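Data block below; observations after.
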């Protein structure tokens, strides 16, 4: 998972460099497509996290019930820890996809998307000179055959879903063990 996050950070800085390093009017489209690339990495990392969570559960069972006894004779294992471990192999619990993606956004990607979209919108507002009105700024958001208003609508839905994901993770963090992991 570190590799996908590091690649996302690299894409982020590359997109910001291209956005502010070039004066072409089309350079504002680069962060938009960079956002799509980073979102693809979120999906990859979500899948990795789901499988990582299964292994993390197994390691926690072993640490708490077997390894702790090696270092502390007073540590008492749970009565059915071997059945729990066996069950994790026969019926592994993977976090639901939407929960996993919400957690990855909470853990790493919210700030990356915030930086990427902030740099993109800043470039649009400032280039070639600051927009005189909101409608001019929205017109600068045109992406090919997508109007600026369609882009605003898409970004609004995107950020509303991100905020809902963050609130959900913060609300459920105490009840769900996999939301306390890496």
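Scanning the range 108-143 for residues that are exposed (fewer than 13 other Cβ atoms within 10 Å of the Cβ) and in contact with a helix residue (DSSP H, G or I) (Cβ under 8 Å, 6 or more places away or on another chain) returns a single hit, 128. Against the test of being surrounded by fewer than 16 Cβ atoms within 10 Å (Cβ to Cβ), more than 17 Å from residue 15 (Cβ to Cβ), within 25 Å of the chain's Cα centre (by Cα) and in contact (Cβ under 8 Å) with a residue 12 or more places away in the chain, the options 103, 162, 97 yield a single qualifying residue, 97. Being under 12 Å from the mean Cα position of the chain (by Cα), assigned to a helix (DSSP H, G or I) and under 28 Å from residue 10 (Cβ atoms), is that true of even one residue in the range 120-128? Within the range 120-128, none of the residues are under 12 Å from the mean Cα position of the chain (by Cα), assigned to a helix (DSSP H, G or I) and under 28 Å from residue 10 (Cβ atoms).
Here residue 108 meets the list (1) assigned to a helix (DSSP H, G or I); (2) at pLDDT below 90; (3) over 26 Å from residue 46 (Cα atoms) almost entirely, failing just condition (3). Listed by first and then second residue, the pairs linking a residue in the range 71-92 that is over 27 Å from residue 50 (Cα atoms) to a residue that is modelled with pLDDT under 90, with Cβ atoms under 6 Å apart and 6 or more places separating them unless they lie on different chains, are 75/68; 75/69.
Does the range 35-42 contain at least one residue that is at pLDDT below 90 and either over 30 Å from residue 137 (Cα atoms) or assigned to a loop (DSSP other than H, G, I, E, B) (or both)? The answer is no; no qualifying residue exists. Among the residues of the range 69-95, those that are assigned to a loop (DSSP other than H, G, I, E, B) and under 15 Å from residue 57 (Cβ atoms) comprise 78, 80, 91, 92, 93, 94, 95.
The values are calculated or read from the model by the stated rules, or taken from the named source; none is laboratory data. Fair warning: this is a prediction, and the values are worked out from it, not measured in the lab. All Cβ positions, glycine included, derive from the backbone under ideal geometry; neighbour counts span all protein chains shown.
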